[in-house]
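Notes for the one structure printed next.
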Amino acid sequence: MPISIKNCNTHNLKNLSLEIPFNKITCFSGPSGSGKSSLVFHTLANESKRRFLNSLPSSMNFFDRVPQSAEVESIEPVLPVWILPQNNPIVGSRLNLMDQLELTMDVAQLYFEPFSNLCPLHGAVLEDGGALFKENVKDLIENESDVLHFLIDRDIYSEKISGLPVRSYDQQDSKVREYVGEDQYWEIFRIKGSKVSGLEKKLSDFPFLKELSSVLYVQNQSSGDGKFIRLKDEDVCLECLDEGVKAPRSVDELIPFNGVGACTPCKGYGSVLEYSKGKMVKYPSLSIEDGAISVLSYSKFSTYFPVFLKELKRAKISTKKPFSEVEDGVWPILLEGKGAFPGVLEMLSWLEEKRYKRSVRIYLRGLQVEKRCSSCDGTRVSPIASRYDSLREQLPTYGEILKYTIEELLLELHDLTVKGKSVILNRALAKLELAVEMGLGQYRLSAKLKELETNEYQKSLLVRYLSYKGSGSLFVLDEPSLGLNLEEQKVLVKYLKKLSSGNTIVLVDHSKFVQSKSDLVVEMGPGAGHMGGEISYIGKFKKSKAKSFDLETPPKAKGKVSLKGVTFGDFKIKKVEIPRGTISTVSSYLESFSKKVMSDVVANDLYLKHFDEKLNYDTDYTVKSYNKYEEFDDIIVYKTNVDRASGRSTVGTMLGLSPHVRKYFANLPVSKNLGLKDGHFSPNSELGKCSICEGKGIRQIDMQFMEDVSFPCDECDGKKLNKFYANLSDGRITVHEAYNTPLGELFESLPTTPKIRRILEFLKMMNLDYLTLDRTLPSLSGGERLRVKFLNTLQKNIENSLLIFTSLSYGLSEVELVKVRELMIGLCGKGNTIILIDNHPIFKDFDVIDIELTD
Ligand SMILES: [Zn+2]
Ligand SMILES: [Zn+2]
Ligand SMILES: [Zn+2]
């Protein structure tokens with residue numbers, strides 16, 4: 001029985017019907033915009049998700065509001081669906097690779113022993129805390145007639161007990177005496193030596209003693225002997241008692257997501273935000289008078305600037321020399337203040353109190369850098385969890401393990417046997433093996449998800465899906481082979497086959513290899529937009545004749561920019577030579593290593609030498625010497641991940657097309673009559689945005705067991721704008737429609753400028769003219785996003801700069817890549833130098849930058 005889709009008209013689909021075989025792999029392909037995503041994601045995946053949710057009990061009736069976005073007569077049967085989207089969501093800053101692979105709990109449970117009688121920190125045999133206390137007390141008794149005084153710290157006494165005691169403990173004389181308020185220990189009760197068997201009952205009158213594991217002072221009245229004894233009910237480790245730590249006894253204490261297990265200084269994030277000197281003084285080559293100290297140009301601080309100058313003069317520090325020449329004397333005054341100048345640290349702490357203001361938060365964040373937390377070294381767990389050592393004979397401590405790479409963890413766990421834990425162990429091993437096979441081996445378990453690039457993020461999600469053990473589900477995967485080399489693609493196919501033995505798999509994938517291994521191939525087309533929307537081929541994979549392209553060759557290099565004596569982490573690199581004025585690819589022993597060297601070292605260092613400011617990378621490297629870096633006007637790094645800043649950007653804002661449309665509507669006679677401005681047509685402006693959804697157009701429900709569900713805002717129907725403005729029309733289309741018309745079509749009817757026409761030309765060349773102004777950058781696939789960023793460069797007329805692209809070939813067909821090649825060669829014509837971190841064969845005739853390690 002297949003999944004049957006009937007009469008589908010979503011987006012550009014033309015009344016399409018199709019059957020997808022059960023428990024097989026079906027692969028869709030076709031040019032961008034041909035309708036693959038409309039069919040596979042917007043129809044099959046989303047409708048399955050929606051219908052599945054709607055089949056849940058009606059008590060969860062908010063799902064009724066999940067909109068029917070797909071236009072389809074029927075999909076039968078509906079399976080629970082897992083979706084691997086190509087865009088990586090903006091993920092919380094707490095999550096790391098270990099969480100993504102669902103290993104966090106497994107590793108914690110490996111270390112956690114619920115019924116062990118050994119201390120997980122010290123390995124000492126645990127003793128009965130209650131019995132131990134009694135033993136200690138008994139040691140003090142010489143005769144049955146002796147009287148024992150029990151005293152506790154006066155702070156606890158005053159908090160927990162009303163009234164004053166009869167006696168207290170005079171530490172100077174080491175004697176229990178008539179109550180004196182200043183004494184540190186106050187008596188709570190006393191018993192006779194003969195009554196020591198009733199001690200348990202006496203203690204139970206004071207339940208807080210056990211809760212607080214209090215230290216009691218016990219003294220024998222006749223002998224004067226006394227000692228401090230800690231009262232604990234549960235099993236205790238003597239060493240833990242000595243150290244004043246509580247032996248961890250629950251798996252929660254090993255998990256960084258809650259109060260008990262999390263490292264306190266970083267709240268379980270593994271990193272902390274710190275004020276950075278480099279961000280306070282952005283222009284150290286300028287003099288102080290010329291504005292070297294950027295933090296003092298903030299409007300709220302600027303009144304202190306003259307005061308600061310006066311203090312510097314008083315301290316005989318030049319304000320006319322470059323900051324970098326006088327900085328040693330300036331920093332203490334700048335930070336701590338002097339005389340009438342309060343110091344930046346204090347000024348920032350005033351601001352901290354105004355964090356509730358968005359603008360203040362943004363400003364403060366701009367002065368901070370994210371640093372690995374030094375208390376937990378990025379492991380996110382508390383110091384006690386970190387010392388957890390229950391597998392002491394076989395593994396390092398829990399904290400050490402959390403610092404491992406995936407490969408290192410695999411090696412450690414490989415020969416491990418832990419009684420009663422083979423299920424957890426095997427599950428973790430299977431996942432680790434797959435992750436290594438997929439090329440994630442050298443990544444740290446603690447690598448933050450938000451720092452991964454699209455393909456790394458995708459790989460990690462793939463590992464999670466491919467190690468799924470259930471059956472009867474539908475998996476819908478977008479371009480799973482992206483960023484995988486042939487070996488990794490073989491692994492992908494191997495696991496997909498395994499998964500398809502009980503689950504139905506639908507892929508969109510351009511890889512000929514993946515297509516050839518799929519059970520059914522569906523080709524959409526023939527063109528994009530209204531030229532597509534049909535099935536142009538369905539059946540077994542057919543080997544098409546390899547097309548040959550006439551490839552233009554890039555210009556010859558004009559000299560080299562070189563960096564020598566580079567060290568990066570533990571690596572030593574002989575030299576990095578960048579051919580100028582042409583395009584180069586990078587080769588090193590690992591693709592991810594090339595990427596890191598290029599972005600974190602080369603770009604960072606060139607940028608620093610050039611602008612006295614680092615790019616965003618806080619990395620540990622040195623460069624002994626370099627030459628000719630000054631020949632670049634600018635250094636730009638393009639990445640596929642979604643950065644926070646672009647979270648709400650749209651295609652329209654990125655390409656500078658939205659302002660044009662807003663202006664057009666604001667200039668209509670009807671708008672002028674109403675006094676409307678450009679802002680009334682912008683969802684980012686207070687004037688125009690829908691006040692209910694704040695211009696987002698959607699509201700979201702957090703679904704713990706599945707992906708989040710979002711539905712359009714009821715107030716504006718998802719239009720983001722105030723209803724009235726959204727529906728304002730020029731007689732042909734409304735503002736809202738303009739934002740949602742494919743760009744190619746939209747500007748056929750709106751007035752254009754030469755600049756807009758040039759952008760449109762590029763959009764067509766790169767097969768992107770089906771995008772709309774309103775598409776957000778995170779909603780684009782990695783490839784689309786990169787091409788939009790690339791277009792942004794083209795239209796900005798960038799010259800004589802160094803451009804570094806990661807994975808430019810993402811999601812592009814060969815025909816599209818040929819065009820991208822031409823555009824890049826065009827950029828070289830303007831004196832630009834391009835570095836591609838991308839091993840697509842279509843780039844194989846370019847120069848190569850060899851990153852050679854020295855020993
Ligand atoms: Zn212990
Ligand atoms: Zn920490
Ligand atoms: Zn709204």
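The values are calculated or read from the model by the stated rules, or taken from the named source; none is laboratory data. Since this is a predicted model, take the numbers as computed values, not measurements. Note that we place each Cβ from the backbone using ideal geometry, even for glycine, and neighbour counts take in every protein chain shown. The protein model used for the area step is the full one, side chains on, heavy atoms only, and it has no ligands, DNA or RNA in it. Shrake-Rupley method; radii C 1.70, N 1.55, O 1.52, S 1.80 Å.
Filter the range 235-260 for residues that are away from ligand 2 (no atom under 16 Å from the Cβ) and in a loop (DSSP other than H, G, I, E, B); which is farthest from the chain's Cα centre (by Cα)?
CYS237
Looking only at the range 458-477, which residues are touching a Gly at 6+ places or on another chain (Cβ under 9 Å) and open to solvent by less than 30 Å² (accessible area, probe 1.4 Å)?
Within the range 458-477, GLN458, LYS459, SER473 qualify.
Hey, among the residues in the range 94-131 that are modelled with pLDDT under 85 and open to solvent by 30 Å² or more (accessible area, probe 1.4 Å), which one's nearest to LEU216 (Cα to Cα)?
The extreme case among them is ALA131.
Checking the structure you have, find out if any residue of the range 811-826 is crowded, with 22+ Cβ neighbours inside 10 Å and either assigned to a loop (DSSP other than H, G, I, E, B) or among the aromatic types (Phe, Trp, Tyr) (or both).
Within the range 811-826, one or more residues are crowded, with 22+ Cβ neighbours inside 10 Å and either assigned to a loop (DSSP other than H, G, I, E, B) or among the aromatic types (Phe, Trp, Tyr) (or both).
Within the range 805-855, how many residues are among the acidic types (Asp, Glu) and over 32 Å from the mean Cα position of the chain (by Cα)?
Residues meeting the conditions: 4.
Scan the range 531-548 and give yes if some residue there is polar (S, T, N, Q) and in a loop (DSSP other than H, G, I, E, B), otherwise no. Lay out the reasoning, then the answer.
Step one: of the range 531-548, the residues polar (S, T, N, Q) are 536, 544, 548.
From what is left, the residues that are in a loop (DSSP other than H, G, I, E, B) are 544, 548.
Yes, the range 531-548 contains a residue that is polar (S, T, N, Q) and in a loop (DSSP other than H, G, I, E, B).
May I ask you to verify whether GLY224 is more than 16 Å from ligand 3 (Cβ to nearest atom), in contact (Cβ under 8 Å) with a residue 24 or more places away in the chain and part of a loop (DSSP other than H, G, I, E, B)?
yes
Pairs, please: C-beta under 8 Å, at least 6 apart or cross-chain, first residue of a type in the set (A, V, I, L, M) and in the range 826-855, second open to solvent by 50 Å² or more (accessible area, probe 1.4 Å) and modelled with pLDDT of 90 or more?
Short answer, once both residue conditions are applied: ILE849/GLU577.
Can you name the condition, by its number, that THR264 falls short on among (1) at pLDDT below 90; (2) out of contact with any strand residue (DSSP E or B) (no Cβ under 9 Å at 6 or more places or on another chain); (3) polar (S, T, N, Q)?
Single failed check for THR264: (1).
Which residues, counting only those in the range 261-281, are buried (at least 17 other Cβ atoms within 10 Å of the Cβ) and either within 13 Å of ligand 2 (Cβ to nearest atom) or assigned to a loop (DSSP other than H, G, I, E, B) (or both)?
GLY261, ALA262, CYS263, CYS266, GLY268, TYR269, GLY270, SER271, VAL272, VAL281
In this structure, is ILE255 of a type in the set (A, V, I, L, M), away from ligand 3 (no atom under 16 Å from the Cβ) and closer than 30 Å to VAL330 by Cβ?
No, not satisfied.
Looking only at the range 501-536, count every residue that is among the aromatic types (Phe, Trp, Tyr) and loosely packed, with under 14 Cβ neighbours inside 10 Å and tell me the total.
Of the residues in the range 501-536, the ones among the aromatic types (Phe, Trp, Tyr) are 513.
From the residues that got through so far, the ones that are loosely packed, with under 14 Cβ neighbours inside 10 Å too are none.
Total satisfying the criteria: 0.
State whether one or more residues within the range 137-145 are away from ligand 3 (no atom under 16 Å from the Cβ) and farther than 27 Å from SER223 by Cβ.
no
Taking ASN767 as the residue in question, decide whether it is open to solvent by 20 Å² or more (accessible area, probe 1.4 Å) and in contact (Cβ under 8 Å) with a residue 40 or more places away in the chain.
It is true that ASN767 is open to solvent by 20 Å² or more (accessible area, probe 1.4 Å) and in contact (Cβ under 8 Å) with a residue 40 or more places away in the chain.
What do you reckon, is SER250 within 16 Å of ligand 1 (Cβ to nearest atom) and at pLDDT below 85?
The answer is yes for SER250.
Report whether or not LYS202 is at pLDDT below 90 and surrounded by 12 or more Cβ atoms within 10 Å (Cβ to Cβ). Break it down into steps so the answer makes sense when it comes.
Values: at pLDDT below 90: yes; surrounded by 12 or more Cβ atoms within 10 Å (Cβ to Cβ): yes.
It is true that LYS202 is at pLDDT below 90 and surrounded by 12 or more Cβ atoms within 10 Å (Cβ to Cβ).
Do we find a residue being among the acidic types (Asp, Glu) and touching a residue at least 24 places away in the same chain (Cβ under 8 Å) anywhere in the range 375-384?
Yes: one or more hits.
Please specify each residue of the range 395-417 satisfying the condition of being under 25 Å from GLU437 (Cα atoms), part of a loop (DSSP other than H, G, I, E, B), out of contact with any strand residue (DSSP E or B) (no Cβ under 9 Å at 6 or more places or on another chain) and not charged (D, E, K, R).
LEU395, PRO396, LEU416, THR417
Test PRO683 against the criterion of being modelled with pLDDT under 80 and away from ligand 1 (no atom under 16 Å from the Cβ), and give yes or no.
no
So, VAL521, is that one in a strand (DSSP E or B), touching a helix residue (DSSP H, G or I) at 6+ places or on another chain (Cβ under 8 Å) and not assigned by TED's automatic domain parsing to the domain that holds LYS24 or not?
The answer is no for VAL521.
Any residue at all in the range 288-302 that's aliphatic (A, V, I, L, M) and surrounded by fewer than 20 Cβ atoms within 10 Å (Cβ to Cβ)? Before you say what the answer is, go through the steps one by one.
Kept after step one, since they are aliphatic (A, V, I, L, M), are these residues of the range 288-302: 288, 292-293, 295-296.
Of the ones still in play, those that are also surrounded by fewer than 20 Cβ atoms within 10 Å (Cβ to Cβ) are 295.
Looking through the range 288-302, at least one residue is aliphatic (A, V, I, L, M) and surrounded by fewer than 20 Cβ atoms within 10 Å (Cβ to Cβ).
Whether any residue in the range 328-335 is open to solvent by 40 Å² or more (accessible area, probe 1.4 Å), over 27 Å from the mean Cα position of the chain (by Cα) and among the aromatic types (Phe, Trp, Tyr) is what I want to check. Show your work before the answer.
Here is the first cut: in the range 328-335, the ones open to solvent by 40 Å² or more (accessible area, probe 1.4 Å) are 328, 332.
With the extra rule that they be over 27 Å from the mean Cα position of the chain (by Cα), the set shrinks to 328, 332.
Adding the requirement that they be among the aromatic types (Phe, Trp, Tyr) leaves none.
Scanning the range 328-335, I find no residue that is open to solvent by 40 Å² or more (accessible area, probe 1.4 Å), over 27 Å from the mean Cα position of the chain (by Cα) and among the aromatic types (Phe, Trp, Tyr), so the answer is no.
Which numbered condition trips up GLY378, out of (1) part of a helix (DSSP H, G or I); (2) surrounded by 18 or more Cβ atoms within 10 Å (Cβ to Cβ)?
Result: GLY378 passes all but (1).
Picking from TYR589, TYR537, which residue would you name as being at pLDDT below 80 and on the phi < 0 side of the Ramachandran plot?
TYR589
May I ask you to list the residues in the range 659-679 that are open to solvent by 20 Å² or more (accessible area, probe 1.4 Å) and in a helix (DSSP H, G or I)?
Across the range 659-679, the qualifying residues are PRO659, HIS660, ARG662, LYS663, TYR664, PRO669, VAL670, LYS672, ASN673, LEU674, ASP678.
What are the pairs, 6+ residues apart or on separate chains, where a residue within the range 713-729 that is not assigned by TED's automatic domain parsing to the domain that holds GLU694 has its Cβ under 7 Å from a residue that is within 16 Å of ligand 2 (Cβ to nearest atom) and open to solvent by less than 80 Å² (accessible area, probe 1.4 Å)?
none
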